[in-house]
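Asker: Could you have a look at this structure, given as structure tokens, before my questions?
Each value in this text was obtained by applying a stated rule to the coordinates, not by laboratory testing. What you are looking at is a predicted structure, and each value in this text was computed from that prediction instead of being measured. Quick reminder, even Gly has a Cβ in these numbers, built from the backbone with ideal geometry, and neighbours come from all protein chains shown.
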There are 2 protein chains.
Amino acid sequence: MVQALLNHVNRFVSLNTDEQHLLLDHLSVRHVNKKEHILVAGAICTANYFVLNGCFRMYFIKESGQEQIVQFGLNNWWISDLTSLESGKPSGFYIQAIEDANVAVLTKQNQELLFSSMPKAERYFRLVMQKAYAASLMRLQYLFDLSAEERYHHFNTAYPEFVQRVPQYMLASYLGFTPEVLSKIRAKK
Amino acid sequence: MVQALLNHVNRFVSLNTDEQHLLLDHLSVRHVNKKEHILVAGAICTANYFVLNGCFRMYFIKESGQEQIVQFGLNNWWISDLTSLESGKPSGFYIQAIEDANVAVLTKQNQELLFSSMPKAERYFRLVMQKAYAASLMRLQYLFDLSAEERYHHFNTAYPEFVQRVPQYMLASYLGFTPEVLSKIRAKK
DNA sequence: GAAAAAACTTAATCAAGATCAAGAAAAATA
DNA sequence: TATTTTTCTTGATCTTGATTAAGTTTTTTC
């Protein structure tokens, strides 16, 4: 199962067998049930999670009391509250499995150990962070430039299989509008 | 002038004198006049820029033809289109000096050289990317949770000196609304 | 397979913020 | 200093998407 992670790492840096074992020694695999949280607001985030399979959502509770999804965690994505992880302060986010899932868990401590014994790991995470940052800016760009309907169509075209997998109200939240709006958009066609 | 950069690096990793020199050997300092662009849409981004002093804005042109600011580049921030830099493909962004400015220029090539001769540099950038990513998620959070007026007040409280430095219409763009709205918000008090 | 819970739809009303247009003020430049 | 350019303001109108509320469909659970 962790092969998915090794494949991912190898897309950024190349590891020999020893290095692969060293990496695996620093992580554990954990099963997460549908609806189970691996992080809740108020708790301190202690690890970085790599999604081996299944699907997660990361959200916060708005002033209005509504849940706002800030990102989805799919296969081959790292998910965590980096602010809480880095600072050791309580998180404002929830991370919850949308489907039964398996994650590779890399605790903060093990991550540091790994970095000091294998600089390549640091390079890998530098590239992962850079990609995540760029993706976040792209997301901002869509929010600023496209209407609700355009955002939906764009997302639907880019990730058709994913749209089938999650409840519509979650997709609406992620895209920045209400379930009612999504329902009307879909009714148009 | 590059002392600002050394100080910044030293906040994340500690460098001895030799390492400091090695770092400086990989970069050059460039003066940028007010209104001058260091990146325009359609061009390939070739470097990562560290703002020594002055101020930049990074923006794109919306479907509607309006400029949309995605971020400001202030003292001690790295600014670049990482997507273009990494892929070698044309950028969709503009980066322009709002005031006369000085930047430390780290080309893609030099960055790679630096990383291979000094793993600490990779660590520094891993941390910088991680922080930038976290900041971007925080920005999304404010956009989703706060009204135009709340976003303005929040920003104004957090960065009062900066608000004085940039034209209001740029601030409005960054915060995701029109100059007219900002004008009306200000008229209230 | 019945009951309960979760997710989706539809329609009416409302509000935040966009757009348009014109003029005023401030800043840059000759 | 005069003048051109840039930035800011104000008010009228319009639009997108939010809210509310009730009913329907689908999925889960017992």
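Asker: Can you give the percent of C-alpha pairs in chain A whose distance is more than 31 Å?
Answerer: On the way: 3730 of 17766 pairs.
More than 31 Å apart: 21 percent of the Cα pairs in chain A.
Asker: Ordered shortest first, which distances in nm separate the 7 Å Cα→C-beta label point of A:Val105 from those of the other copies?
Answerer: 4.9
Asker: Charges at C-beta only: +1 for Lys and Arg, -1 for Asp and Glu. How large is the resulting dipole of the range A:3-118 about its Cα centre, in Debye rounded to 20? List each step's numbers first, then the result.
Answerer: Working: 8 positive and 11 negative charges, 49 e Å.
Value, rounded to 20: 240 debye.
Asker: If you take the charge dipole of chain B about its Cα centre, with +1 on Lys and Arg Cβ and -1 on Asp and Glu Cβ, which of B:Ala47, B:Val181, B:Asn102 is farthest toward its positive end?
Answerer: B:Val181
Asker: Now for a separate question. Too long at a 27 Å Cα-Cα cut-off: which of A:Lys62/A:Lys120; A:Lys184/B:Lys131; A:Lys188/B:Lys62; A:Lys34/A:Lys62; B:Lys62/B:Lys189? Could you put the intermediate results ahead of the total?
Answerer: Values: A:Lys62/A:Lys120 39 Å; A:Lys184/B:Lys131 38 Å; A:Lys188/B:Lys62 25 Å; A:Lys34/A:Lys62 23 Å; B:Lys62/B:Lys189 32 Å.
The answer is A:Lys62/A:Lys120; A:Lys184/B:Lys131; B:Lys62/B:Lys189.
Asker: Considering the dipole of the protein assembly as shown built from charges on the beta carbon (Lys and Arg +1, Asp and Glu -1) around the Cα centre, which of A:Ile79, A:Leu146, A:Pro119 is farthest to its positive end?
Answerer: Positive-end residue among those listed: A:Leu146.
Asker: Let me ask another. Work out which GluC sites (Glu not before Pro) in chain B are exposed loop sites (DSSP not H, G, I, E or B, at most 16 other Cβ within 10 Å) and give the longest gap free of them.
Answerer: B:100-189
Asker: Let me ask something else. Using the 10 angstrom Cβ neighbour count as an exposure proxy, how do A:His26, A:His21 rank, fewest first?
Answerer: Listed from fewest to most nearby Cβ atoms, that is A:His21, A:His26.
Asker: Hey, another quick one. How large is the dipole of the protein assembly as shown about the Cα centre if only Lys and Arg carry +1 and Asp and Glu carry -1, each at its Cβ, rounded to the nearest 20 debye?
Answerer: 680 debye
Asker: How would B:Ser136, A:Ser14, B:Ser80 line up from fewest to most surrounding beta-carbon atoms within 10 angstrom?
Answerer: Ascending number of Cβ neighbours within 10 Å: A:Ser14, B:Ser136, B:Ser80.
Asker: Hey, what did the range B:84-179 get for relative contact order, percent, Cα under 8 Å, at least 6 apart?
Answerer: Across the range B:84-179, relative contact order equals 17 percent.
Asker: How do B:Lys120, B:Lys184 line up, fewest other C-beta atoms within 10 Å first? Walk me through the numbers on the way to the answer.
Answerer: Numbers: B:Lys120 19, B:Lys184 12.
In increasing order of surrounding Cβ atoms, one gets B:Lys184, B:Lys120.
Asker: Hey, another quick one. Report the percentage of all Cα-Cα pairs in the range B:12-74 whose separation exceeds 20 Å, rounded to a whole percent.
Answerer: Values: 871 of 1953 pairs.
Tail of the P(r) past 20 Å holds 45 percent of the pairs.
Asker: Would you pull out the residues with amide H under 5 Å of B:Ile44's amide H, same chain only if 5 or more places away, H placed 1.01 Å from N?
Answerer: Sorted by chain and number, the residues that satisfy this are B:Ser91.
Asker: Another question, then. Compute the separation of the alpha-carbon centres of the range B:15-68 and the range A:149-167 and state it in Å as a whole number.
Answerer: Measuring centre to centre over Cα atoms gives 35 Å.
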